[in-house]
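**Student:** Starting off with a structure, shown below.
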Amino acid sequence: MRAELHQPISALGLLLILATGGFLLSSAAIGRLLARTGLRAGLSVGLLLAGGAMVLAGLGSWPAALVAMVLYGLALGVVDGGVNVYSTFRMSGGAMQFLHGTWSVGTLAGPLLVTFLLAQHLSWRLSFLTVGALEAAIAAILLLGADWPHLPAASPVEAPSPHLSLPLVLGMLAFFLYTGVEAAAGGWSYTLLTEGRHFLPTAAGVMVSSYWAGLTVGRMAAGVAGVRVGSRSLLLGGVAMTLAAALAFWLAPSPVWSVLALPLLGLGLAPIYPALMTLTSERLPADRVTAAVGYQTAAAGLGGSGLPAGAGVLMQVFGLALLGPFLAVGAAALAGVYWLETATLRDGRSN
């Protein structure tokens, strides 16, 4: 994309920032949006807008791509926020892991699709058009299908906005750091592997897919384990493995360790986001959960764009090798927030 659209490495950061602007707007207002549209209509409109944005990006020039990212961010906030609000109230911890595991299937399929197209000497644009068509098809299925159940009466979508208590702030910070590490690893590892560690493009594409495969397998496994193991235990194991894999990716940049560290990093990251979302109701009163989910989703979107964008700027200045320490520092910060959140919750219970 950079080559065809004549943009520098740091241009990815601009795309992410624009998408995040739209995402933050719709995520923060998700309670009011769902109250007016309902789940089915809200999700359908979000998917149609997302599909249109992908088609615009696939067919257009660089200015069209910028507009498409704003529209896609708005759409993603509606879809992501709506599904997370619903699942927080309606799903167990294990079911939440399975739900986000299906998201991981998409993240695995995406790099494989692009790698296949490039290996066939076809345009990257076809991947955008394919995803856009699929999103429009899912929207049509939702519109023609049965109504989604309403949220529980005890959990109104127009609940009051939560004040910025320490548990909420720590939760938002955890989501910010998690998505930042996840997106930076997924978005920049291909560039580092091909331009910094001199892997062939096809091999690097497969390795990036192995990262997303680790995320997918990890979430499906966490869904099974969630029946017997609590969300907090899954969260602890995920944070520990993430830190270890990030350190390995940084401190052992040999081909063998590069091949091993990426899927292990995905495996460690896998249970963190669903577990954090499930534990929202443990950290906050029930009437504050809906608004808190919107806040946390917005923080996740900000981390998923802001941190990779910052990584891109730093790598352009100091070199691609900076990705390794960037991921390690992010994982260490996430571990620190987890420890502080656990200690705060424990102290609150004892008091």
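Just so you know, all these numbers are worked out from the coordinates, no wet-lab data involved. Quick caveat: nothing in here was measured; it's all calculated off a predicted structure. FYI the Cβ positions are ideal-geometry reconstructions off the backbone, even for glycines, and counts take in every protein chain you see.
**Student:** Check every DSSP H run in the chain and write down those whose alpha carbon atoms cover 20 angstrom or more along the long axis and whose mean Kyte-Doolittle hydropathy is 0.5 or greater.
**Tutor:** Working: long enough: 11-28 (26 Å, 1.99); 39-59 (30 Å, 1.75); 62-90 (41 Å, 1.12); 93-119 (39 Å, 1.11); 125-144 (29 Å, 1.89); 166-191 (37 Å, 1.14); 201-225 (35 Å, 0.89); 231-251 (30 Å, 1.53); 255-269 (22 Å, 1.82); 289-318 (42 Å, 1.02); 323-350 (41 Å, 0.62).
Sorted by number, the helices that extend far enough and score high enough are 11-28, 39-59, 62-90, 93-119, 125-144, 166-191, 201-225, 231-251, 255-269, 289-318, 323-350.
**Student:** A further question follows. What net charge do the residues around Ala11 carry, taking every other residue with its C-beta under 14 Å from that of Ala11, with Lys and Arg at +1 and Asp and Glu at -1? Display every interim value, and only then the final one.
**Tutor:** On the way: positive: Arg2; negative: Glu4.
That works out to 0.
**Student:** Follow-up question, since we're still on this one. Counting only helical runs of four or more DSSP H residues, what would the 222 nm mean residue ellipticity of the chain come to if each run contributes -39,500 (n - 2.57) and the total is spread over all its residues? Working shown, then result.
**Tutor:** Numbers: 15 runs with 283 residues, N = 351.
Helices in the chain give a 222 nm mean residue ellipticity of -27500 deg cm²/dmol.
**Student:** Once you sort the root eigenvalues of the Cα gyration tensor of the stretch 25-138 as a ≥ b ≥ c, which label holds: rounded (a/c under 1.5), prolate (a/b larger than b/c) or oblate (the other case)? Don't skip to the end; give the middle numbers.
**Tutor:** Numbers: a/c = 2.74, a/b = 1.45, b/c = 1.90.
Here the stretch 25-138 falls in the oblate category.
**Student:** May I pose another question? What's the center-to-center distance, using Cα atoms, between the stretch 1-75 and the stretch 82-100 in Å?
**Tutor:** Measuring centre to centre over Cα atoms gives 23 Å.
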